[in-house]
Amino acid sequence: MRLPTMLTALASALSLLVGASAMAQPAAQVTVLQGARIIDGQGGAPIENGSIVIHDGRIEAVQPGGTKAPAGARIVDLRGKTVMPALIAGHAHLGITNGAKSGAGEINEANVTRQLQKYARYGVGTVAVFGTDHDFIYKMRADQRAGKLALPTIVTAGHGFGVPHGAPPIAMGMDQVYRPTTIEAVRKDFEKLLVQKPDLVKIWVDDFGDKSTKKMDPALYREVIQQAHKNGLKVVAHVYYLEDAKRLARDGVDLFGHSVRDKPVDAELIALMKEKNIAYIPTLQLDEAFFVYADKPEWMQTPFFKGALDQGVSEWLGGPSYKVKEVSKKDLAIAKQNALALHKAGIKVGMGTDSGATIPRIQGFAEHRELELLTQAGLSPMQALQAATSGNAAILGIDKERGTLAASKQADVLVLDANPLDDIRNTRKIHALWLRGVPVAE
């Protein structure tokens, strides 16, 4: 199925599946995805002409070619296709944008549902939202876990921790963020956060490039980190500066949610990250989005890109509201350099984009563009795919359930018409997506 036909059909299928009475329950019948090239997400050689046995939403077996299917199984012929784990969007935001509008007023369940549908159309099976969710996200997550919503899996940090009159800017739609000024306030806010049982914790510590903006007091974010670890939660930090990254590493942060972009990473930071097992999500497309649309690259004319644009966004990108940020060209160059340096040093590098935080960060498309940017930075196609699947699953602490095609894992399977190991852009040739063993589109 080709875009835009595939996108239209997939949107129709999802609209029928999503809602208060929608069922995402896995089929009881055994299903075998047969004859495809299987990239299992673990980094090994693909299995040619392999089969994936699915039952009750989970993978029972991944088998080489020629293995006999279980009696009575439904056979799905995927000869000539490539299958891989569904993508995991390792840093995203939901509900903030809506067409050419953005802000807290756009955050509601209907808009979040629509955006999750779009992620699914673009092969994303899990979306990690870092610190900007409203509380209704927890009910959506609960309904999803109960099998009532056929949507990508939600991983949420709930309300993150920021700075009064500082990062993240309230004008960006981040009105739910805690902004404590004392350690006692941190503890009280954390008690409120824990009631909702978030999957991880987000902190904003830098100044968004505005030196006149106050940064978070290290004593406060140390307390956030301590409270999180005491309760078994990982902490992801919004970061830009090398020195902030070093301080955070010493204080025990678990994940950098953006690139260090002011300077090349140095041996001290690398040593700290290796010692403390700190992961890194470069969000290269975030920096590119600040300038690339003015250059009108060829991919802006493709159906794959155009299909990801909400109504009015194409005009917005071509109008005066889109302002080029020249420094981001330098930032992207350093970010690519740092992503490769950390990858070579053995640091776990994931895939995320900050998609959905602002209008130019196009949900769905950004994730595929990020894969391409990671290969431009120097990762191989296989390494980029691992970053977006098993790597992100490990970083987010969800690797027992998803991220690879292996026995007992949730059957979130992306079916492609071409091999992304030949060209990473082949992840855009989406044939179908299966979520929890259920075909979203065929």
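FYI, it's all coordinate maths here, none of it is from the lab. A quick note: this is a predicted structure, and the numbers were derived from the prediction, not measured. Glycine gets a Cβ as well: all are built from the backbone with ideal geometry, and neighbour counts include every protein chain shown.
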* For the range 301-442, just the Cα atoms, rotate onto the principal axes and tell me the three extents in Å, largest first. => 51, 40, 29
* **Unit Cα scatterers, Debye sum, the range 56-186: log10 I(q)/I(0) for q = 0.11, 0.16, 0.21 Å⁻¹** => -0.54, -0.89, -1.26
* Structure fact -> proj_area_mean for the chain (convex hull on C-alpha atoms), units nm², value 19.5 nm²
* Cα convex hull of the range 111-249 - mean projected area over all directions, nm² -> 9.1 nm²
* With no solvent and one point on each alpha carbon, what is the Debye value of log10 I(q)/I(0) for the range 237-305 at q = 0.11, 0.12, 0.27 Å⁻¹? -> -0.36, -0.42, -1.20
* Asked: How would you rank Met140, Met172, Met84, Met273, going from fewest to most other Cβ atoms within 10 Å of each one's own Cβ?
  -> Met172, Met140, Met273, Met84
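Work the Kirkwood hydrodynamic radius out for the range 161-208: mean of 1/r over every pair of different alpha-carbon atoms, inverted, in Å.
11.4 Å
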* Can you tell me which of 313-319, 396-402 comes out highest on packing, and rank the rest after it, using the mean Cβ neighbours within 10 Å? => 396-402, 313-319
* Structure fact -> Taking Cα atoms, the helix 242-251 axis meets the longest principal axis of the chain at an angle in degrees (rounded to 10) of 80 degrees
* Structure fact -> Here the residues of the range 214-237 lying in the modelled label zone of Thr181, meaning backbone nitrogen under 14 Å from a point 7 Å along Cα-to-Cβ, are 214, 217
* Structure fact -> Exposure proxy check on Val186, Val195, Val235: fewest-to-most Cβ neighbours within 10 Å is Val195, Val186, Val235
* Structure fact -> Check: C-alpha center the range 127-159 vs C-alpha center the range 41-66, spacing in Å is 28 Å
* To do: Identify which of His91, His165, His258 has the largest mean-square fluctuation in a Gaussian network model of the chain, with springs joining Cα atoms closer than 10 Å.
  => His165
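Which of Glu223, Glu370, Glu288, Glu106 has the fewest other C-beta atoms within 10 Å, and how do the rest follow up to the most? Don't skip to the answer; put the middle values down first.
Values: Glu223 21, Glu370 29, Glu288 25, Glu106 15.
Least crowded to most crowded, the residues run Glu106, Glu223, Glu288, Glu370.
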* Asked: Over the chain, what relative contact order in percent results from Cα pairs under 8 Å that are six or more residues apart?
  -> 21 percent
* Asked: Taking one equal scatterer on every alpha-carbon of the range 222-341, how large is log10 of I(q)/I(0) by Debye at q = 0.19 1/Å?
  -> -0.96
